[in-house]
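Read through the structure below, which is laid out as structure tokens, and then see the notes.
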């Protein structure tokens, strides 16, 4: 696959040579998968799995160290009244909150994910984006969520986007001499990419550039993760592994608020990719309010009584 | 000219200001007092009950936060709409309860008057249930009644419209929102009331009407952790005991079933049941 990234024209030829997405078929497929009925023990399993896949997120201008610490405490013990509740996968914060989160999560095994590269717009020069990334990695981030330059992508400068992802990936290497690197998640902001074809192209582009995860959205625009868009990503990682032999993770983010939605996504993962991706290592939910709904559903299953918002935290 | 085909009405639930069918897709046959088929009513499931509670909770902030004056105006508007649909309700009550047109008419008139009576209480209940308490110190000590939250209401089985109005109006006039389980045998007036409420400026979700088996719908409502009170008017003694036990789990306010003559003028008991008292201290100043 190395030759397809040799030049701008080769990359364009490759990306535009990808099969087009059948939009109607895609929507019909997700609608069909969305009708699966997941009940009782399967539902309990799905809820716990979904909780363990959450990147519990706070990305507000008003974030304080106290709020981040509270979120970390919640991530470690989502339901203090029921210790069998699994931990979340990661806490996702802005770069300047990484040290606070890292300290609050010491010993828990929960990762700290930092958004970087001028999140959410991605409108900054490359040196600034790289500095942003290095700063978060130096502060201890285990995962970096970068945004692509949609302006460059939409105007067809694919190699520029490719190079940018590659450079950010290099910046994820820790400078402590351990030779390890933070995991790189690449956000496409699919709500701004206009077409499913573009989403498929962006997926391949990011995977070729070395993304460890591909992620739908920032959660900061009107249209965030949708089931059809996520299915395009899932098919892309499946085809990429078949072609190149490298497994890449998927993270839908934004707008997933209910357990029902989360379970629909899990059904999609299982039907498209199978067991290999059904773990927090390969599939994540970028969400904040989803966790409370999952906890309420979990309480319903364990007590038989419908729970309410009085029995979960106010975030 | 050929004979005109009649247009049969599809009765539906009233949840969150919309008219959904039961999530379960089920219906049951509703008959008149002599057993003749009248219509199919939705047979609501526990998931419909859950959805109704979510809708009621969502509506609570706006409705309880509206001024008492505004709530009174909206409830009065409901009475105006009821007046306009009087004929329909008279027919439905007559069929449901096997009454003559004139007796049913009396029931409907009493129900509308009762609605107006309760509407008037919206900006007066604080004077009755609140107080300026004398305390040993230079403080104003003021108690004011506040709505308790989401109230599950099991409508009376024996009075399909007058009884129904007599349990809904006192629950919502003070700012609560309600999930109403219509009488099992005669739910049609309750489902039609939903259509009136939907066109009366009442925000969606303040009143939600479910029809079906009272015992089936009431059980999840009684144990629901996000329901603050339950009116057991429509439960038989055995069911009431069971529901009261389930309601104890999150300390719901419970109004036990009692023999009520719905045609008699009510007192404020129902109105005052679903209130919480908030007391504030404030220095009197110099």
Fill in the blank from the handout: The FRET efficiency for residue A:6 and residue A:37, from their Cβ-Cβ distance with R0 = 45 Å and rounded to 0.05, is 0.35
Handout entry: Residue-span extension gain [residue A:131 to residue A:108] - 0.36 nm each, minus C-alpha spacing
Key = 5.5 nm
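Could you work out the helix-only [θ] at 222 nm for chain B, with each DSSP H run of four or more residues adding -39,500 (n - 2.57) and the total divided by the number of residues, to the nearest 500 deg cm²/dmol?
Numbers: 10 runs with 123 residues, N = 286.
One gets -13500 deg cm²/dmol as the mean residue ellipticity at 222 nm.
On full extension of the chain, what length is gained from residue B:47 through residue B:99, given 0.36 nm per residue of separation minus the C-alpha to C-alpha distance? Don't skip to the end; give the middle numbers.
Working: separation 52, 0.36 × 52 = 18.72 nm, distance 3.46 nm.
Gain in length upon complete extension: 15.3 nm.
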Problem - Cα-based helix-to-principal-axis angle, A:126-138 vs chain A, degrees rounded to 10 - result: 40
Practice task
Could you check the simple spin-label distance between residue A:195 and residue A:239, using points 7 Å along Cα→Cβ, in nm with one decimal?
Solution key: 1.4
Fill in the blank from the handout: Longest principal axis of chain A (C-alpha) makes with the long axis of helix A:65-76 (C-alpha) an angle, in degrees to the nearest 10, of 70
Exercise for the section: Provide the percentage of antiparallel DSSP beta bridges, counting only those with both residues in the protein assembly as shown; round to the nearest 5. Expected result: 30
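For the stretch A:2-303, report the translational diffusion coefficient in µm²/s to the nearest whole number, using Stokes-Einstein at 10 °C, 1.306 mPa s, and a Kirkwood Rh over Cα pairs.
On the way: Rh = 19.4 Å.
The calculation lands on 82 µm²/s.
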Practice task
Measure nothing fancy, just the Cα-based angle from helix B:162-173's long axis to the longest principal axis of chain B, in degrees from 0 to 90, nearest 10.
Solution key: 40
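Average partner chain C-beta neighbours within 10 Å, per residue of A:297-310?
Working: counts 0, 0, 1, 4, 0, 0, 3, 2, 10, 13, 4, 11, 4, 6.
If you average over the peptide's residues, the count of other-chain Cβ atoms is 4.
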Completion exercise
Using eta = 1.002 mPa s and T = 20 °C, Stokes-Einstein with Kirkwood Rh from Cα pairs puts D for the stretch A:111-150, in µm² s⁻¹, at 216
Practice task
In nm, give the distance between the simple-model label positions of residue B:135 and residue B:83, each being 7 Å from the Cα along the Cα-to-Cβ direction.
Solution key: 4.5
Problem - Cut-off 19 Å, label 7 Å out along Cα→Cβ of residue A:52, residues of the stretch A:97-137 by amide N - result: A:107-112
Completion exercise
re the protein assembly as shown: pairs of Cα atoms spaced beyond 30 Å account for a percent value of 61
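How many percent of the alpha carbon pairs in the stretch B:27-283 exceed a separation of 30 Å?
Details: 8225 of 32896 pairs.
The proportion of pairs with Cα distances above 30 Å equals 25 percent.
Between residue A:67 and residue B:200, what is the FRET efficiency for a Förster distance of 51 Å, r being their Cβ-Cβ separation, to the nearest 0.05? Walk me through the numbers before you get to the answer.
Details: r = 42 Å, r/R0 = 0.83.
Working from the Cβ atoms, E equals 0.75.
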Fill in the blank from the handout: So the FRET efficiency between residue A:18 and residue A:180, C-beta based with R0 = 35 Å and rounded to 0.05, is 0.60
Exercise for the section: Mind jotting down the distance between the C-alpha centroids of the stretch A:80-148 and the stretch B:141-166, whole Å? Expected result: 50
Problem - Part-to-part distance (alpha-carbon centres) for the stretch B:211-229 and the stretch A:180-256, which is given in Å - result: 43
Handout entry: Cα→Cβ-extended label distance, 7 Å offset, between residue A:313 and residue A:60, nm
Key = 1.3
Exercise for the section: Subtract the Cα-Cα distance of residue B:284 and residue B:258 from 0.36 nm times their separation in residues, and report this length gain in nm to one decimal. Expected result: 4.9 nm
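Taking every DSSP beta bridge with both residues inside the stretch A:173-315, roughly what % is antiparallel (nearest 5)?
Details: 1 of 9 bridges.
Among the beta bridges of the stretch A:173-315, antiparallel pairing accounts for roughly 10 percent.
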Problem - Highest-MSF residue in chain A out of A:75, A:122, A:156 [GNM, Cα springs under 10 Å] - result: A:156
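Provide A:263, B:128, A:91, A:187 in ascending order of the number of other Cβ atoms located within 10 Å of each residue's Cβ, fewest first.
So the residues, fewest neighbours to most, are B:128, A:263, A:187, A:91.
Readers should treat all values here as calculations from the given coordinates under stated rules, not as data from a laboratory. None of the values given here were measured: they were computed from a predicted structure. Virtual Cβ from ideal backbone geometry, glycine too; neighbours counted across all protein chains shown.
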